[in-house]
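S.K.: Got a structure for you, questions after.
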Amino acid sequence: MSSSVTIVAEERIPLLQSNPCRISNGEEDEEEIMPSFSSSSPIEPDVANKPISSDPNQRLVSLDVFRGLTVALMILVDDAGGAFPSINHSPWFGVTLADFVMPFFLFGVGVSVSLVFKRTTNKNTATKKVIMRTIKLFLLGLVLQGGYFHGRNHLTYGVDIDHIRWLGVLQRISIGYFLAAMSEIWLVDNGLVDSAVSFVKKYIIQWMFAISLCCLYLGLLYGLYVPNWEFEISSTNSISSPPNYRSGTQLVNCNVRSSLEPPCNAVGLIDRVLLGEKHLYQRPVYRRTKECSVNSPDYGPLPQNSPGWCFAPFDPEGILSSLMAAVTCYFGLHYGHIVVYTKSHTQRLLFWSASSLSVLLAGYLMEMLGMPVSKPLYTLSYMCITTGASGLVLTMIYYIVDVKQFRRPTLLFQWMGMNALIVYALAACELFPAAIQGFYWRSPENNLVNGTESLLQLVFQSKRWGTLVFVLLEIIFWCLVAGYLHLKGIYFKL
């Protein structure tokens, strides 16, 4: 008796594909490609191993959720950080919850740029668009954070041009966006990608440029000589300062090289020389260090025999640190390239996880070898740790939202992520609460914003927990506002 065996060849999914997947989260495509909220279709057990559809309307929903989560996190740490100093920015060395916000923003920018410029038919036109968007983003940051708006509890506006702050969050994002976008347009090989070798070859020049930024940063940070310097004490600071601070100027003794301490680092030196001390952030985080605050890690009165640099200006979004911050965008580019040139969820999850863990471990290894983690300086170890964490968070969101399609629990963040810019301007920069506070009863303190927060503090019989609930309600409010804008098809962008 004979028997026959039919052999069915299993279709193998190539590791990398030569034709990029049509997936978008780029801002240029947002009018044409809207996310799908339908999750009624059943998910097969092996969905992660199946090739991803090349549907031209496909959208990386997880990136919207990631952006929305980042904006929500910024509101949380900015508005509740005073009540909970442990989640506020680290005074100088170390990393806290707040210190992940900026890297998350930059990482998301890099991913978006890689999706927007995956096909560039006209490089000159694309370059003009990048330059215009960079200028608009920088100018918007200058208006929002240059000192013109005085924020909540201040019913005033206006800024002395002689003291305007040139750099800030949006300005740093604009720098990272510009470098990443120009690299994606001009520093990418035009060859096909059909293997790991061709993938590396396509982006090798781009990564060489990113490595050169790291080398330039490290060379200046550890090689630049920092001499003694003086700064003027502002009138607002002199009121609360001890007698030894009340002279017109204060001398800071340095004459060192390779220092990473608050008063004598190369990051501050470059900003003082190129921008001028009057144009730097006047209330830096190191005022919450043990040397400068009796309530450390929160702000507080100066301790006895505090050093002379406690009131010195320092910009956490300075020039040199922004160069290292831009490298975070390049890691975002890498994750976006993986999206474009891989054909299954499993491959993306594998490559993303491996990349995230490698960078994260590299950052911790640098810290163990003596390079401290510092957000104000944006040290290489800090960049690696926060970038690795960014990648892991995006990987987890991608698995939940795009692979398993559990989208309802993250819908609020998705709405916020699709209108992140307007929410950032109105909420994180406090334009909306400042406007609401303009309507008050008899006294400026009697307004809807302060009244609501005071009521919650009374209900919970705790200033801290009442503030936290107020901030959480604030985040939900802005998620709903973003959802309303989405339903109306309104998206704010530059």
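The values are calculated or read from the model by the stated rules, or taken from the named source; none is laboratory data. These numbers come from a predicted model, not from an experiment. Counting neighbours? That spans all protein chains shown, and the Cβs are built from the backbone with ideal geometry, glycine included. Surface accessibility is based on the protein's heavy atoms, side chains included, excluding ligands, DNA and RNA. Shrake-Rupley method; radii C 1.70, N 1.55, O 1.52, S 1.80 Å.
S.K.: How large is the dipole of the chain about the Cα centre if only Lys and Arg carry +1 and Asp and Glu carry -1, each at its Cβ, rounded to the nearest 20 debye?
M.R.: Computed about the Cα centre, the dipole is about 240 debye.
S.K.: Dimensions of region 310-437 along principal axes (Cα, Å, largest first)?
M.R.: 53, 49, 21
S.K.: From Cα coordinates alone, what are the radius of gyration and Dmax values for region 371-413 in angstrom?
M.R.: When restricted to the Cα atoms of region 371-413, Rg and Dmax are 14.6, 42 Å.
S.K.: Projected area of region 406-451, taken from the Cα convex hull and averaged over every viewing direction, in nm²?
M.R.: That works out to 4.1 nm².
S.K.: I would also like to ask the following. Please state the Cα pair-distance histogram of region 208-352 with 10 angstrom bins from zero: what percent is in each bin?
M.R.: With a bin width of 10 Å, the distribution comes to 11, 31, 27, 15, 11, 5, 1.
S.K.: Whats the longest run of the chain with zero GluC sites (Glu not before Pro) that are DSSP loop and have at most 13 other Cβ atoms within 10 Å?
M.R.: 33-494
S.K.: Can you give me the P(r) profile for region 247-296? Cα pairs, bins 5 angstrom wide beginning at 0, each as a whole percent.
M.R.: Per 5 Å bin, starting at zero, the Cα-Cα P(r) for region 247-296 comes out as 4, 16, 21, 29, 21, 7, 1 percent.
S.K.: Follow-up. Cα atoms only: what Rg and Dmax, in Å, come out for region 143-226?
M.R.: 20.1, 60
S.K.: Something else: Give me P(r) over the chain, computed from all C-alpha to C-alpha distances, binned every 10 Å, as integer percentages.
M.R.: That works out to 4, 17, 28, 25, 15, 7, 2, 1, 0, 0, 0, in percent per bin.
S.K.: By the scheme Lys and Arg +1, Asp and Glu -1, what is the net charge of all other residues having a beta-carbon under 12 Å from that of I135?
M.R.: Counting the neighbours of I135, the net charge comes to +4.
S.K.: Shifting gears a bit: Would you compute, from DSSP H runs of 4+ residues alone, the mean residue ellipticity of the chain at 222 nm, taking -39500 (n - 2.57) per run and dividing by the full residue count, rounded to the nearest 500?
M.R.: Roughly -16000 deg cm²/dmol at 222 nm, from the helical runs in the chain.
S.K.: Restricting to DSSP loop positions (anything but H, G, I, E, B) with no more than 11 other Cβ atoms inside 10 Å of their own Cβ, which trypsin sites (Lys or Arg not before Pro) remain in region 428-494?
M.R.: R442, K488
S.K.: Still on this structure: Enter the accessible area per residue of the chain (Å², integer; probe 1.4 Å; all protein chains in place).
M.R.: Result: 47 Å² per residue.
S.K.: Given a 1.4 Å probe and every protein chain left where it sits, what share in percent of the accessible area of the chain is carbon and sulfur?
M.R.: It is 63 percent, rounded to a whole number.
S.K.: Keeping all protein chains in position, work out how much accessible area L140 exposes to a 1.4 Å probe, and write it in Å² to the nearest 10.
M.R.: So the heavy atoms of L140 present about 50 Å² to solvent.
S.K.: Once amide H atoms are placed 1.01 Å from N in the peptide plane, what residues at a sequence separation of 5 or more from V256, or on another chain, have their amide H within under 5 Å of its amide H?
M.R.: Under 5 Å from the amide H of V256 lie the amide H atoms of V226, each far enough along the sequence or on another chain.
S.K.: Also: So what J values fall out for region 153-166 if you push phi through Karplus, 6.51 cos²θ - 1.76 cosθ + 1.60 with θ = phi - 60°, rounded to Hz, Gly and Pro as x?
M.R.: 3J(HN,Hα) across region 153-166, in whole Hz: 6, 9, 8, 9, 8, x, 8, 6, 4, 5, 10, 5, 8, 7.
S.K.: Would you list K202, K343, K128 from the most to the least accessible area, probe 1.4 Å?
M.R.: Result, largest first: K128, K343, K202.
S.K.: Please work out the Cα center distance from region 145-181 to region 433-458, rounded to the nearest Å.
M.R.: 25
S.K.: May I ask which of K375/K493; K136/K278; K290/K493 have a Cα-Cα span longer than 31 Å here?
M.R.: K290/K493
S.K.: So if I take the centroid of the Cα atoms in region 298-319 and the same for region 382-402, what is the distance between those two points in Å?
M.R.: Using only Cα atoms, the two centres lie 33 Å from each other.
S.K.: Considering just Cα atoms, how many Å³ per residue does the convex hull of region 313-377 enclose?
M.R.: 85
S.K.: For region 415-494, what value does the Rg/Rh ratio take when both radii are computed over Cα atoms and Rh is the Kirkwood radius, given to two decimals?
M.R.: Rg divided by Rh gives 1.05.
S.K.: Positive end of the charge dipole of the chain (Lys, Arg +1 and Asp, Glu -1 on Cβ, about the Cα centre): tell me which of I319, G276, V449 has its Cα farthest that way.
M.R.: Farthest along the dipole direction, towards plus: I319.
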